[in-house]
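The values are calculated or read from the model by the stated rules, or taken from the named source; none is laboratory data. Predicted model only: the values in this text are computed from it and were never measured. Note that each Cβ is placed from the backbone with ideal geometry, even for glycine, and that neighbours are counted across all protein chains shown.
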Amino acid sequence: MRELKITPIKNGTVIDHIGNGLSLEVLRIIGVRDLDKDSTVSVALHVRSQKLGWKDIVKVENMELSPRKVNAIALIAPTASIAIIRDFKVSEKRVVDLPDRIVGVVRCPNPNCITNQKEPIESEFEVARRRPVVLRCTYCERLVDDFLRHLA
Ligand SMILES: [Zn+2]
């Protein structure tokens, strides 16, 4: 069978073209525990892909990703594409794109950084390297490559 059959969903989000093996990280970003108890989450690991060789797919019912979560997914899975499903139809399609600046998604690991003080300053990073992604804090220049542990 060449094509993967996924049961259609009425409303929700399909995240396709996730790099092979990265879907569990994507699930952590989505925060599966916060979902509606009636929502089905489907995960397909190691699916053949013409574009990537192998890929993962995550499908979540009754959820649309916030822009913040899309940015976080861009950090972990820059090849992913996101389709918002409404009433069984793709109503929006987005290619995940890593912006040059990441604001408010990742916390600075430096406890002395001004963004970790009482000041009302949002964290801000610039992308120092893209493959693999390394971020540099705009305020204290601390480098971060372990985003999952520092998601805001
Ligand atoms: Zn910092």
Starting from the range 134-147, take each residue that is within 11 Å of Glu124 (Cβ to Cβ) and list its partners that are hydroxyl-bearing (Ser, Thr, Tyr) and within 14 Å of the ligand (Cβ to nearest atom), counting only C-beta distances under 7 angstrom and pairs at least six apart or across chains. Tyr139/Thr115
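Residues checked against (1) within 16 Å of the ligand (Cβ to nearest atom); (2) touching a Pro at 6+ places or on another chain (Cβ under 7 Å); (3) not in a loop (DSSP other than H, G, I, E, B):
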residue: Leu24; (1), (2), (3): no, no, yes
residue: Lys37; (1), (2), (3): no, no, no
residue: Leu45; (1), (2), (3): no, no, yes
residue: Val58; (1), (2), (3): no, no, yes
residue: Val70; (1), (2), (3): no, no, yes
residue: Ile82; (1), (2), (3): no, no, yes
residue: Val134; (1), (2), (3): yes, no, yes
Given Glu92, Glu64, which one is at pLDDT below 95, in a strand (DSSP E or B), away from the ligand (no atom under 15 Å from the Cβ) and of a type in the set (Asp, Glu)? Glu92
Sole miss for Ser91 among (1) closer than 17 Å to Val14 by Cβ; (2) out of contact with any helix residue (DSSP H, G or I) (no Cβ under 9 Å at 6 or more places or on another chain); (3) surrounded by 15 or more Cβ atoms within 10 Å (Cβ to Cβ) is condition (3)
Starting from the range 98-124, keep only residues that are on the phi > 0 side of the Ramachandran plot, then list their pairs with residues that are more than 10 Å from the ligand (Cβ to nearest atom) and of a type in the set (A, V, I, L, M, F, W, C) whose Cβ atoms are within a distance under 9 Å, requiring at least 6 positions of separation or different chains. Gly104/Ala152
Among the residues of the range 108-132, write down those that are near the ligand (Cβ under 9 Å from one of its atoms) and either aromatic (Phe, Trp, Tyr) or assigned to a strand (DSSP E or B) (or both). Glu124, Phe125
State whether the residues of the range 50-73 include one that is without any contact (Cβ under 8 Å) to a residue 12 or more places away in the chain and more than 30 Å from Pro120 (Cα to Cα). yes
For Val105, are the conditions met, namely being within 16 Å of the ligand (Cβ to nearest atom) and buried (at least 19 other Cβ atoms within 10 Å of the Cβ)? yes
